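J.: Below is a structure I'd like to ask you about.
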Amino acid sequence: MLASSAARDWPALAVDIRSHCAGPIPAFVTEDAELTLILDGDGHSNVHRAAHGVRQHAPAMRGTTFVIPAATHEEATYVTADIPEVMHLYLSRRLFEDISREDHLPYFDPANIHYVSGICDRSLDWMGAIVARELLQETSSASILIETIGLSLAERMVANYGIGVRQRPATAGARRGLDSIRLRRVLAHVEDNLGRALSIHELAAVACLSPFHFARAFRQATGDPPHRYVSGRRLALAKRLLRETDRSLSEIAAICCFSSQANLSRAFVRVVGVTPGRFRAEMNL
């Protein structure tokens, strides 16, 4: 195990990053739908696996993805050579319930997903890279970002790998974006709660929308996805505290929901261009 989300507040999407040595992987039964994404592999290793009488094999190259439906009894897996980094994403049933409610459709059972090996899906690769980065260096709005990514992953699994699923058009409401009254209510809620964890479900409830609809509509209305907007407001609060108070950097990081002073510093350097200490010093000149 190289990294895990077990200690993170990510209720709908669990993530592990592991290295796999050559040899057999014991049989197991999946509870959630799973995406396995090769983060570091040169194709010299081959993955042989079988479930429900179906046998598959594929080279383990960077960006290669394996799809496992929920409730799958994977009978045997054999890795022919070491694979340095593999990310396992476990998508809870709640994500599939949310995207079903989005279009007022019957619940899609994640057990009804094709068992697929060796696909190269750039969208899955891109979303997986975001999750991996967040796992290794958590930002102040990680929970919102990960929930949004989880919804997008579930939607893509249903659309591309769901059994008997037709393409679902975007809802008219999602195309319209948020009306001004709901938007003001959400923005006020964010401002009042910058110092505690926020979730996409909570913000969607304030807007009286489904989580997936809300994420799309918020971006339409503001130009930013919810996690980026919240991160920006927390960074603005940190700037104000640096200018107007003598609180320590660790205190400011905690107040603004950064998991550590180091994460606050990384966010500052990335967005502002200087460290928080340098920013404070320049403000006091």
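J.: Of all residues in the stretch 75-107, how many are in contact with a strand residue (DSSP E or B) (Cβ under 8 Å, 6 or more places away or on another chain), farther than 15 Å from E31 by Cα and either small (G, A, S) or not in a strand (DSSP E or B) (or both)?
T.: Of the residues in the stretch 75-107, 4 are in contact with a strand residue (DSSP E or B) (Cβ under 8 Å, 6 or more places away or on another chain), farther than 15 Å from E31 by Cα and either small (G, A, S) or not in a strand (DSSP E or B) (or both).
J.: For the stretch 173-203, which positions are farther than 29 Å from I252 by Cβ and part of a helix (DSSP H, G or I)?
T.: G173, A174, R175, R176, S180, I181, R182
J.: Going through the stretch 65-94 one residue at a time, which ones are at pLDDT 90 or above and closer than 16 Å to L151 by Cβ?
T.: Those that are at pLDDT 90 or above and closer than 16 Å to L151 by Cβ: L89, Y90, L91, S92, R93.
J.: When you look at S260, is it among the small types (G, A, S) and under 24 Å from R8 (Cα atoms), yes or no?
T.: Against the criterion (among the small types (G, A, S) and under 24 Å from R8 (Cα atoms)), S260 qualifies.
J.: So, one more: Please find, among N160, N112, the residue that is more than 21 Å from V47 (Cα to Cα), modelled with pLDDT of 90 or more and open to solvent by 30 Å² or more (accessible area, probe 1.4 Å).
T.: N112
J.: Mind listing just one residue for me: the one in the stretch 21-73 that is among the small types (G, A, S) and part of a strand (DSSP E or B) and, of those, farthest from I119 (Cα to Cα)?
T.: G23
Listed here are the residues, each with its yes/no results for (1) free of Cβ contacts under 8 Å to residues at least 12 places away in the same chain; (2) open to solvent by less than 10 Å² (accessible area, probe 1.4 Å); (3) under 18 Å from the mean Cα position of the chain (by Cα).
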{"position": "R18", "(1), (2), (3)": "no, no, yes"}
{"position": "L37", "(1), (2), (3)": "no, yes, yes"}
{"position": "D42", "(1), (2), (3)": "no, no, no"}
{"position": "S45", "(1), (2), (3)": "no, yes, no"}
{"position": "P59", "(1), (2), (3)": "no, no, no"}
{"position": "G63", "(1), (2), (3)": "no, yes, yes"}
{"position": "L91", "(1), (2), (3)": "no, yes, yes"}
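J.: Could I ask something else about it? From the list R196, R234, exactly one residue is buried (at least 19 other Cβ atoms within 10 Å of the Cβ), in contact (Cβ under 8 Å) with a residue 12 or more places away in the chain and under 21 Å from the mean Cα position of the chain (by Cα). Which is it?
T.: Only one candidate passes the filter, namely R234.
J.: Could you pull out the residue among A22, A7 that is modelled with pLDDT under 90, small (G, A, S) and surrounded by fewer than 16 Cβ atoms within 10 Å (Cβ to Cβ)?
T.: Being modelled with pLDDT under 90, small (G, A, S) and surrounded by fewer than 16 Cβ atoms within 10 Å (Cβ to Cβ) holds for just one of A22, A7, which is A7.
J.: Does A217 meet the test of being of a type in the set (G, A, S), touching a residue at least 40 places away in the same chain (Cβ under 8 Å) and either open to solvent by 30 Å² or more (accessible area, probe 1.4 Å) or under 30 Å from S180 (Cβ atoms) (or both)?
T.: Yes; evaluated as a whole, the condition is true for this residue.
J.: Follow-up. Which one is farthest from S265 (Cα to Cα) among residues in the stretch 115-143 that are open to solvent by 30 Å² or more (accessible area, probe 1.4 Å) and among the charged types (D, E, K, R)?
T.: R122
J.: Select from the stretch 163-182 the residues that are at pLDDT 60 or above, within 25 Å of V230 (Cα to Cα) and open to solvent by 30 Å² or more (accessible area, probe 1.4 Å) and list them in ascending order.
T.: Those that are at pLDDT 60 or above, within 25 Å of V230 (Cα to Cα) and open to solvent by 30 Å² or more (accessible area, probe 1.4 Å): D179, S180, I181, R182.
J.: Would you check if R270 is exposed (fewer than 14 other Cβ atoms within 10 Å of the Cβ) and modelled with pLDDT under 90?
T.: It is true that R270 is exposed (fewer than 14 other Cβ atoms within 10 Å of the Cβ) and modelled with pLDDT under 90.
J.: N263 passes all but one of (1) open to solvent by 30 Å² or more (accessible area, probe 1.4 Å); (2) at pLDDT below 90; (3) within 18 Å of T139 (Cβ to Cβ); which number fails?
T.: The one condition N263 does not meet is (1).
The values are calculated or read from the model by the stated rules, or taken from the named source; none is laboratory data. Because the structure is predicted, anything quoted here is derived from the model rather than measured. Glycine gets a Cβ as well: all are built from the backbone with ideal geometry, and neighbour counts include every protein chain shown. Side chains included, ligands, DNA and RNA excluded: accessible areas come from the protein's heavy atoms. Shrake-Rupley method; radii C 1.70, N 1.55, O 1.52, S 1.80 Å.
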